[in-house]
Amino acid sequence: MTGAHDWSGAVGDVWAAEWQRTDRGFAAMTPHLDAAILAAAPVRGNAIDIGCGAGGTSLALARACPELTVTGVDLSPSLIDIARTRGADLPNLSFRVADITLGNALDDSADLLVSRHGVMFFDDPVAGLAAVRRVARPGAALIFSCFDSVTRNRFAADPLATATGQEPVPATSYAPGPFAFADPDFVAETLAAAGWADLHHQSVAFSYRVGAGPDPVADAVDFFTRIGPAAPLLRAAAPEARTAMIARLTDLVTRHLHDGVVDFPAAAWLWSARAAESVMT
Ligand SMILES: C[S@@+](CC[C@H](N)C(=O)[O-])C[C@H]1O[C@@H](n2cnc3c(N)ncnc32)[C@H](O)[C@@H]1O
């Protein structure tokens, strides 16, 4: 479980330190999301990037749509610092440290809301997405990506299984975290209850890159010690157990080394919705 408190503190700080490697992980999925966003983007108006992190999606949108005013919103001050530096040359782009669920993240109503994997961390997903709905103009598009089940995301499942000796089992009830929106039926019900209509989703299978550069295996093992579900287990392990886990991780990663890079299978959902004309919640 990863909630607001984690993102505004230590988890956000790690993601800020690791933004280039997390961006790299999403690189094969991002063009699908960005294409869906551009297809829905108005020429001008306001767009908000929910849980913008280090700003990759905000930057791409602001560059592609210079007449659109883009605001990236995130809980983590460290991530917003990185995003501001990256976006400093774009006059139509700004960033804010805010909790999107509090509804005060934007001065004007949004004509477009987007998110790369930033909407499945709300304590109460209906209330969170209803708060997002309240900053949207009626008819505004919401386009976001989220992970499919952990079992289809081997970059997370395999290191976890390697660390614990057990294949992870998908959660049967909602808990905020990277795989909380894996079930499309749950997401559709949640969006509808939060005042979103015209719901569509599609699956995107992609390769999640965890290692590259001069020593891709070492890069991947180091990445897994910093980010993902195995990282806290490695940090908490006693020295001997940790050494054994790192050896098993190195074996795992080596099996995924091809053509100088380490990739794992991954799967995401791309969702689109429209703000319903009348708000139900
Ligand atoms: C998995 S990261 C994705 C970051 C970024 N969109 C990317 O693709 O690199 C999830 C992000 O959502 C942010 N987040 C989670 N809940 C939030 C909330 N209630 N309001 C604003 N940001 C939130 C976190 O701080 C975190 O940066």
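Values computed for the structure shown
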read-out: Spin-label pair ARG235/ARG255, simplified geometry with 7 Å Cα→Cβ offset, distance in nm; value: 2.7
read-out: Carbon plus sulfur fraction of accessible area for region 218-281, probe 1.4 Å, in percent; value: 59
read-out: Carbon plus sulfur fraction of accessible area for region 27-73, probe 1.4 Å, in percent; value: 60
read-out: As computed over region 137-281, the Cα convex hull volume per residue (Å³); value: 129
read-out: Cα centroid separation - region 8-46 against region 186-221, whole Å; value: 11
read-out: Value at 222 nm in deg cm²/dmol, rounded to 500, when DSSP H runs of n ≥ 4 in the chain each add -39,500 (n - 2.57); value: -12000 deg cm²/dmol
read-out: Choice from GLY103, GLY195, GLY53 showing the highest fluctuation, given a GNM over the chain with Cα pairs closer than 10 Å; value: GLY103
read-out: Principal-axis tilt of helix 184-193 within the chain, Cα atoms, nearest 10 degrees; value: 30
read-out: Accessible area, probe 1.4 Å, largest first, for residues SER115, SER8; value: SER8, SER115
read-out: Heavy atoms of THR85 accessible to a 1.4 Å probe, total area in Å² rounded to 10; value: 110
read-out: Summed residue charge, Cβ within 10 Å of THR162's Cβ, Lys/Arg positive, Asp/Glu negative; value: -1
read-out: Share of carbon and sulfur in the accessible heavy-atom surface of region 97-194 [1.4 Å probe, %]; value: 51
read-out: Burial ranking of peptide ranges 206-214, 43-51 (average Cβ count within 10 Å, highest at the top); value: 43-51, 206-214
read-out: Net charge of neighbours whose Cβ lies under 12 Å from the Cβ of GLY260, counting Lys and Arg as +1 and Asp and Glu as -1; value: -3
read-out: Extension gain, SER173 back to ALA39 (0.36 nm per residue minus Cα-Cα distance, nm); value: 44.9 nm
read-out: Tilt relative to the chain, helix 216-226 - C-alpha long axis, 0 to 90 degrees, to 10; value: 70
read-out: Å² of accessible area per residue within the chain, as computed with a 1.4 Å probe and no ligands counted; value: 43
read-out: Accessible-area ranking of HIS258, HIS117, largest first, probe 1.4 Å; value: HIS258, HIS117
read-out: Alpha carbon convex hull of the chain, projected area averaged over orientations, nm²; value: 14.2
read-out: Cut-off 9 Å between beta-carbons: net charge of the residues surrounding VAL210, Lys and Arg +1, Asp and Glu -1; value: +1
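The values are calculated or read from the model by the stated rules, or taken from the named source; none is laboratory data. In this text, all values refer to a predicted model and were calculated from it rather than measured experimentally. With ideal geometry, Cβ positions are generated from the backbone for all residues, glycine too; neighbour counts draw on all protein chains shown. SASA here: full protein model, heavy atoms, side chains in, ligands and nucleic acids out. Shrake-Rupley method; radii C 1.70, N 1.55, O 1.52, S 1.80 Å.
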